[in-house]
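Everything on this sheet refers to the single structure shown next.
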Amino acid sequence: GNTTRDKKIGSIEIAPKGKVVSGEGVSLGAVKITVLVFDADTKTWRDWKAEEYDLINPIYSDSSGEYDLLLPSGTYQMTLRREGYERLKSGSFELVNPSFITIDFVMEKRKGVRGLLENLVEKILKNF
C-alpha cells in the first residue's frame, strides 16, 4: 500500500491564556470575570449574552490565576471581582474578528477604612 511519512498536514496553535495576579505578583484564583458588551442601539453597556455562543459569562480564574475567554466581534469591557480586592474594570476594546482574550490583570488589595468596611460588608452578605 501507499505510505506517507513526515508530511505536515496542518497545525494547531494553542492560544495563551489571560492571567490575574495580585499587586505582589501572586496568582489569584476564583476571580469573577464578567464581560460587558456595548449595545450600539441603546448606547449602553450590558452583560454579554455568552449562552448565545454556547459559552459562559461570568467566568472565574483557575487556581493559577489563568482564564480562558473567546469573544466574537464587538466592543467590550471586563470587570473583575474577588473578595478582599478592589474591583477592577478594563478599558473598552473592540474586536473586528472573534478572538481569544489574553489580557493580564493586576488586582490590588482593599486598603484603608473604606477597604475595611467593604470587606466587612462582603463577609456579612456572604453569610446570608
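The values are calculated or read from the model by the stated rules, or taken from the named source; none is laboratory data. What you see is a predicted model, and the numbers here were worked out from it, not measured in a lab. Reconstructed Cβ throughout: ideal geometry from the backbone, glycine too, with neighbour counts over all protein chains shown.
What to note about this one:
- Strands (runs of 3 or more DSSP E) contained in the range 1-108 and holding at least 1 residues surrounded by 10 or more Cβ atoms within 10 Å (Cβ to Cβ) and touching a helix residue (DSSP H, G or I) at 6+ places or on another chain (Cβ under 9 Å): 32-39
- Which listed residue is modelled with pLDDT under 95 and among the polar types (S, T, N, Q), from S27, S11, S73: S11
- Matching residues, the range 109-128, being surrounded by 13 or more Cβ atoms within 10 Å (Cβ to Cβ) and either touching a residue at least 40 places away in the same chain (Cβ under 8 Å) or not in a helix (DSSP H, G or I) (or both): K109, R110
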